[in-house]
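Engineer: Quick one: the structure is below, questions incoming.
What follows is calculated from the coordinates using simple rules that are stated; it is not laboratory data. Note that this is a predicted model, so its numbers are computed, not measured. Positions of Cβ are generated from backbone atoms using ideal geometry, with glycine treated the same way; all protein chains shown enter the neighbour counts.
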């Protein structure tokens, strides 16, 4: 997914080539039915853009997204014809809900727009959805401003589940919430996935959040997947220097202990002008000559096939272990 930049008059006069932001660039992966996959990376790496491409909100510049073997198109009429395939939960529950609609109206709107159920049964279905996300029936007549952040996000989940989707894309669903309620929402997503047989793509920047919910993890950097594998294996034995940096950056509540891990220096390069070779080479302490010339592809570990793979020339050449603490549990 490339976003073209607007050309200035001076650029046109001087015949400078058109430039674009390469938000998602060369991503290729498969999610199996019923699987829970986490997509992690720092802000601006293209996670949310990829999620919007998957559900058809963006029409990708090149390549194709297929759900159940059928291509997804960014066309409102065709997308609405089969809304049960994929739905998305946005990051900020307050801005994604209409402040003029009550919870009941927001959920009913999703049912009516997609013709998911006959009108006489809509009220019953609305009550079932609120009960499914553990909200009281009294919340149905409240406005978003009268709810807490966790309650608003559960309303967003109920609205997304209204049409019974097969794939649920959760775009950082807990990053705008207090830590005290994050675990509650994460546990709800995990329970819904098991009970409803959902396929889940969880977008996050916190590895602890992904570990709590996901079977498999993909790490994204500057529009590309740079490491992928079973969540516990990626956390226990990260092979890409960027994944190692993400894990060591997590604060640990251990009195008297100071982290000795090297900090990740510098900022990501511009997605308009990517560096030659490995995209991580300006910030990598292990970079050598080949890293500035050839961009590595995903390389699987010895004896593991491609179950755990990393896009690094020096993957599996030196052992690396990084510990990570569990997220707080809800009471």
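Engineer: Going by C-beta contacts inside 10 Å, put 184, 243 in order with the fewest on the left.
Structural biologist: With the fewest neighbours first, 184, 243 line up as 184, 243.
Engineer: May I pose another question? Just grab the label-to-label distance for residue 128 and residue 180, each label 7 Å out from Cα along the Cβ direction, in nm (one decimal).
Structural biologist: Using points 7 Å along Cα→Cβ, the separation is 3.5 nm.
Engineer: Taking only the alpha carbons of the range 103-246, what extent do you get along each of the three principal axes, in Å, biggest first?
Structural biologist: Each principal axis gives a Cα extent; for the range 103-246 these are 55, 29, 27 Å.
Engineer: For a footprinting-style exposure proxy, rank 180, 48, 127, 9 by other Cβ within 10 Å, fewest first.
Structural biologist: Values: 180 11, 48 22, 127 14, 9 7.
Ranking 180, 48, 127, 9 by Cβ neighbours within 10 Å, fewest first, gives 9, 180, 127, 48.
Engineer: Something else now. Once both labels are modelled 7 Å past Cα along the beta-carbon direction, what's the residue 141-residue 35 spacing in nm?
Structural biologist: 4.7
Engineer: Right, another one. Using a cut-off of under 19 Å, list every residue of the range 146-182 whose amide N is near the label point 7 Å from the Cα of residue 112 along the Cα-to-beta-carbon line.
Structural biologist: 156, 158-164
Engineer: As a check on your grasp of the helix formula, calculate [θ] at 222 nm for the chain: sum -39500 (n - 2.57) over DSSP H runs of n ≥ 4, divide by the residue count, round to the nearest 500.
Structural biologist: Dividing the helical sum by the residues of the chain leaves -8500 deg cm²/dmol.
Engineer: Can you give the Rg to Rh ratio of the range 120-199, both from alpha-carbon atoms, with Rh computed by the Kirkwood formula? Before the final figure, lay out each step's value.
Structural biologist: Working: Rg = 12.5 Å, Rh = 13.2 Å.
Checking Rg against Rh, the ratio lands at 0.95.
Engineer: What angle do you read, to the nearest 10 degrees and between 0 and 90, between the alpha-carbon axis of helix 119-132 and the longest principal axis of the chain?
Structural biologist: Helix 119-132 and the main axis of the chain meet at about 50 degrees.
Engineer: A follow-up question, please. Over the chain, what relative contact order in percent results from Cα pairs under 8 Å that are six or more residues apart?
Structural biologist: Over the chain, the number comes to 20 percent.
Engineer: Now for a different question. May I ask for log10 I(q)/I(0) of the chain at q = 0.07, 0.12, 0.14 Å⁻¹, from a Debye sum over the Cα atoms as equal point scatterers with solvent left out?
Structural biologist: Cα-only, vacuum Debye calculation for the chain: -0.33, -0.91, -1.17.
Engineer: Further question: Given Cα positions, please report Rg to Rh for the range 1-154, the hydrodynamic radius being the Kirkwood one.
Structural biologist: Result for the range 1-154 is an Rg/Rh of 1.06.
Engineer: Show me, bin by bin at 5 Å from 0, the whole-percent P(r) of the range 1-57 based on Cα pairs.
Structural biologist: Bin by bin from 0 Å, the calculated values are 4, 14, 19, 20, 13, 10, 9, 5, 3, 2, 1.
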